[in-house]
Amino acid sequence: MKMNKMLEVKNLSVHFKDEKSNSLKAVDDLNFHLNKNEILGIVGESGSGKTLTAYSILGLLPDDAKIVSGNIIYKDTDLLRLRKNELIKYRGKEISMILQDPMISLNPVMKAGEQISEAIAAHSILSEKEIKQKSIELLNKVGIPEPEKRYNSYPFSLSGGMCQRIMIAIAIANNPSILIADEPTTSLDVTIQASILKLLKEIKDERNEFSMILITHNLAIVKQICDRVIVMYGGKVQEESVTRELFESPKHPYTMGLIESVPFGKDKSKPLPQIQGNVPDLSSMPAGCKFSDRCPKVFAKCKEEPAIKEIEENKFVRCHLY
Amino acid sequence: MSSLLEIKNLKIFYPQKSRTIIRRKFGKPAVDEVSFILDEGEVLGIVGESGCGKSTLAKAIKGIIKFNNPYVKVTGEINFQEGINCRKDVQIIFQDPYSSLNPRHTLKTIIEEPLLYNTTFSKAEREKKISEIMEKVGLSSAKLNSYPHEFSGGQRQRIGIARALITNPKIIIADEPVSALDVSIQAQILNLLNEVRKEFNLSMIFIAHNLPVVEYISDRVIIMYEGKIVESGKTDKVIGNPVHKYTKELISSVPEYEGKKL
Amino acid sequence: MKSNINIENNSPKSLFAKRLRKFKSFKRGYYSLIIIISLYILSWFLPVFVGRNALIVKYEGEYYFPLFNYYESSVFNQEISGEANYRLLKKQFEKETSPGFVVLPIIPYGPEENLLDELNETPPVRPSSAHWFGTDDRGRDVLSRIAYGFRISITFALIVAIFSFTVGLFTGALLGYYGGWFDIIGQRFIELWSTLPFLYLMIILSSLLSPNVFVLAVMLTLFSWMGITYYVRGEFYREKSKDYALSAYSAGASDLKIIFKHLLPNSLTPVISFAPFAVVGNISALVSLDFLGFGVPPPTPSWGQLISQGMNNISNWWLVLFPLGCVFLTLIAIVFIGESLREAFNPKGNENE
């Protein structure tokens, strides 16, 4: 079992400082792991801490956020204990990342192909010619037509979907073991989204010892390509389960609410089931269960913080109902 | 004529960037030969990808397309039913609840504004109307003197809806009203729109790129691609039995419809 | 429908209130602002502290208030022509031990008052207990001239700033709002206007008009309104493209309403953070013109004129040190204000949430 884990995040806490320098717990004592050869979905709304978690893994946190405690274990190494110059060896080589908006993630004054070559050059000792050859192969692999020609294109002349493909090429350039995709399709059109998801799935399927973390707010995407899902709310894991089970029998009231409130296939004559209230600010999270102020099943005990429990095999829920 | 709005052969051209001023030249139309009608009490969904001209169409119907680009060329006809005053009876709900509210105005100023320009209400009447509408959209009247930045995205969209409803319009144009919102908030706003639509007997043009959302809320749907209407009809018919190639591709791309036979 | 609001609310805070609070946290700028404002307010009551007229005189059983009234010297039986000299009167009382008194300001010398009769040496006279900052080469008290010069400099700079910002704001707003041809022609005109050689034209105009402070301010405004138009134009251009402007237009707001009610308040950030630097520039401009002798007409007290005296009498250190020191301190205080304002209004800081 232990051997099967690619990455393990233990007790990770990330805090923000607000204007009055109170600490805001953006990620609060987070635990999860990533298995070999799986796509793990992290689902959550804005402010759930999902993006910060990803940034913590790669040491890319913004200046005002601080990792207060925790370990991120990758191949027996704690990434959080590494010095900056040591972490660089992992970033892009072992673990790489795709960001939400491809149009602004690429350098606008550098040729698309050169940005891939640059990523390869950072972690290899190949000759310039070999690198270029490899870049063109990668362009071909991520489904860009006429890769030789596109190598010399600038990002502004490419569409959003093309740019995201180039981002993916950069991310897989050094054969990483882990790919973290942060809302990779949110800024893209639906038809493009479908093809990018298909590409990600292909990349995962043809590799060995390769796992992916897909961060998204879109449940349908999770359902489509993830093997296992973590639902985050208020900086904590609320539910963790195999994808199919999560959708067939969600346990946490928040997960239920999320799945229910999707308009797809609902009776038009009835109002949509909805979660009451708004996602609270970090500064006004309720004490105890973070979801207690919006939960339809709230009861007295919810004033206390629930612990996460394994209620079935590989199914974890943080709720007093179980 | 029972239809509230009839659009005939509408074409909208943006001037090409490089010669906006000196010698105006127009490229491919952003909206191309679009014709449709909107009936009383119905919700018409308009679906398409970014850049297909759906937002341009919305602005043209409301007559505000020339605000940001005075050199836009519009041809064709937009006819409202007799008695409809476009400024008062047609209101628009904007996509981005963050940029569509003036950050320096209080809630009261924001919601009151349309009344100032379109009615002759006294101050007391306006205040009464504001508190009525606030209650309707689920905002507490105690917040009247708050600024937009004190609200979350969903609440801001409620403010936007209140602002649109306050003149008792007959037609609401909702331009991607839920696409900037969190999943758990989306359902709230859709329910609210449905509720007020029935209560005020509104007709609505609902623009979105999210097919399941449009499917849920609209009676009829128009699919747009590159400025043209490629398919239209009753919502369940279009989605259940698409004819055009693009519609088929669109439906098969939506993860929710995965496994659906076409 | 249930109310869904659960935001922690401590009294509604406008963006401006938030920024003001942030500004206050920059101590250097905040204290500079307090000091400059207090000094400027005090400077409008300057005759109470610095000036040739006594505050109260009791002479032969009667009270006189020379601060508010003009008295001929004959009223006090003085054998000089023109206005009474209260310093002499005071000495007179001390000698004669007659009933009566004179209350003089702390610095009992007027800024334009020639003290040649009272000085025992040829001016410029070095600092002493009588003249803390010494006198200039015409026997006028330097401290008194600096104090009155402060009032004139700041007033001048504020007037020019207000004038040029009004013109610049309005022009920039119209250019940014209407765009198109109007914008293009307007911008070219501003560019042409900006190429006019400011200093030469000022010198020519000054020598033709021999202006007072107000005319000088109008003249300087003619050449300093352009800078702000670029910022305001850009700001308007950007704000107009935001949905709230479109939303106002859609609600039926007129152009004027959109400009003044919606866009202007959202476009003031560069104006506010630019203002202190404009004041600095205007003070420097006045000092330069005075230094060259084309500013306010003599004998109006002016910093530039004092500095030019210092340049001509470089060995008389007090004529160099004190005026230059005052200009320096004033300008640096205003720069501190500007720096803090800019920081407080930096949109990166707290625009959203």
Scanning region B:219-251 for residues that are of a type in the set (K, R), surrounded by 15 or more Cβ atoms within 10 Å (Cβ to Cβ) and over 20 Å from B:K11 (Cβ atoms) gives B:R220
In region C:80-113, anything surrounded by 13 or more Cβ atoms within 10 Å (Cβ to Cβ), among the charged types (D, E, K, R) and either more than 19 Å from C:W132 (Cα to Cα) or not assigned by TED's automatic domain parsing to the domain that holds C:Y59 (or both) is listed as C:E83, C:K90, C:K91, C:E112, C:E113
Of (1) facing chain C (nearest Cβ under 10 Å); (2) open to solvent by less than 10 Å² (accessible area, probe 1.4 Å); (3) farther than 20 Å from B:V196 by Cβ; (4) of a type outside the set (S, T, Y), B:P114 fails just (3)
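Yes/no matrix, rows are residues, columns are (1) open to solvent by 20 Å² or more (accessible area, probe 1.4 Å); (2) within 18 Å of the chain's Cα centre (by Cα); (3) among the charged types (D, E, K, R):
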site: A:E137; (1), (2), (3): yes, no, yes
site: A:N140; (1), (2), (3): yes, no, no
site: A:R150; (1), (2), (3): yes, no, yes
site: A:S157; (1), (2), (3): yes, no, no
site: A:Q164; (1), (2), (3): no, yes, no
site: A:K198; (1), (2), (3): yes, yes, yes
site: A:K201; (1), (2), (3): yes, yes, yes
site: A:K204; (1), (2), (3): yes, yes, yes
Flagged pairs (Cβ under 7 angstrom, 6 or more apart or on separate chains; first in region C:58-78, in the same structural domain as C:L88 (by TED's automatic domain parsing); second part of a helix (DSSP H, G or I) and open to solvent by 60 Å² or more (accessible area, probe 1.4 Å)) are C:Q78/C:L88
Scan of region A:251-283 for residues that are open to solvent by 10 Å² or more (accessible area, probe 1.4 Å), within 11 Å of chain B (Cβ to nearest Cβ) and either touching a strand residue (DSSP E or B) at 6+ places or on another chain (Cβ under 6 Å) or over 23 Å from B:Y216 (Cα atoms) (or both), ordered by number | A:V279, A:P280, A:D281
Candidate set from region C:47-61 (those that are assigned to a loop (DSSP other than H, G, I, E, B) and either touching a Ser or Thr at 6+ places or on another chain (Cβ under 8 Å) or among the charged types (D, E, K, R) (or both)); member that is surrounded by the fewest Cβ atoms within 10 Å (Cβ to Cβ) | C:E60
Test for C:V232: is it open to solvent by 10 Å² or more (accessible area, probe 1.4 Å) and of a type outside the set (D, E) | no
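Let's see how each residue does on (1) touching a residue at least 60 places away in the same chain (Cβ under 8 Å); (2) within 26 Å of B:L190 (Cβ to Cβ):
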position: B:T109; (1), (2): no, no
position: B:K128; (1), (2): no, no
position: B:H149; (1), (2): no, yes
position: B:Q155; (1), (2): no, yes
position: B:G160; (1), (2): yes, yes
Go through region A:94-123 residue by residue and tally those that are open to solvent by 10 Å² or more (accessible area, probe 1.4 Å) and small (G, A, S).
-> 5
Within region A:281-301, the residues that are of a type in the set (F, W, Y) and within 25 Å of the chain's Cα centre (by Cα) are A:F291
Does A:V317 satisfy the condition of being touching a strand residue (DSSP E or B) at 6+ places or on another chain (Cβ under 9 Å) and at pLDDT below 90?
-> no
Does C:N4 qualify as being within 14 Å of another protein chain (Cβ to nearest Cβ) and either within 30 Å of B:Q155 (Cα to Cα) or at pLDDT below 85 (or both)?
-> yes
All strands (runs of 3 or more DSSP E) inside region A:38-134 with 1 or more residues being among the polar types (S, T, N, Q) | A:65-74, A:95-98
Sort through C:F223, C:F277 and tell me the only one that's without any contact (Cβ under 8 Å) to a residue 40 or more places away in the chain, over 25 Å from B:K66 (Cβ atoms) and open to solvent by 20 Å² or more (accessible area, probe 1.4 Å).
-> C:F223
Filter result (within 14 Å of another protein chain (Cβ to nearest Cβ), surrounded by 13 or more Cβ atoms within 10 Å (Cβ to Cβ) and in contact with an Asp or Glu (Cβ under 9 Å, 6 or more places away or on another chain)) within region A:284-301 = A:M285, A:P286, A:K290
Identify, by number, the condition in (1) in contact with a strand residue (DSSP E or B) (Cβ under 9 Å, 6 or more places away or on another chain); (2) surrounded by fewer than 23 Cβ atoms within 10 Å (Cβ to Cβ); (3) facing another protein chain (nearest Cβ under 10 Å) that A:S187 doesn't meet.
-> (1)
Please enumerate the residues belonging to region B:178-231 that are under 14 Å from the mean Cα position of the chain (by Cα), more than 13 Å from chain A (Cβ to nearest Cβ) and under 14 Å from B:I46 (Cβ atoms).
-> B:S203, B:M204, B:I205, B:I207, B:I222
Which listed residue is more than 14 Å from chain B (Cβ to nearest Cβ), over 19 Å from the mean Cα position of the chain (by Cα) and more than 26 Å from A:G70 (Cα to Cα), from A:E248, A:E304, A:E310 = A:E248
Scanning region A:38-78 residue by residue, the ones that are within 20 Å of A:E8 (Cβ to Cβ), more than 14 Å from chain B (Cβ to nearest Cβ) and open to solvent by 20 Å² or more (accessible area, probe 1.4 Å) total 14
Say we look at region B:157-182 and pick out the residues that are under 17 Å from A:S46 (Cβ atoms) and in contact with a helix residue (DSSP H, G or I) (Cβ under 6 Å, 6 or more places away or on another chain); which of these is surrounded by the most Cβ atoms within 10 Å (Cβ to Cβ)?
-> B:Q157
Can we say C:Y109 is free of Cβ contacts under 8 Å to residues at least 60 places away in the same chain and within 29 Å of C:I332 (Cβ to Cβ)?
-> yes
Of all residues in region B:122-148 being open to solvent by 30 Å² or more (accessible area, probe 1.4 Å) and within 12 Å of chain C (Cβ to nearest Cβ), which is farthest from A:G277 (Cα to Cα)?
-> B:N145
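The values are calculated or read from the model by the stated rules, or taken from the named source; none is laboratory data. Please read these numbers as outputs of a predicted model, since none were measured by experiment. As a convention, Cβ positions derive from the backbone with ideal geometry for all residues, glycine included, and neighbour counts pool all protein chains shown. Just so you know, the surface numbers come from the protein's heavy atoms only, side chains and all, with ligands and any DNA or RNA stripped out. Shrake-Rupley method; radii C 1.70, N 1.55, O 1.52, S 1.80 Å.
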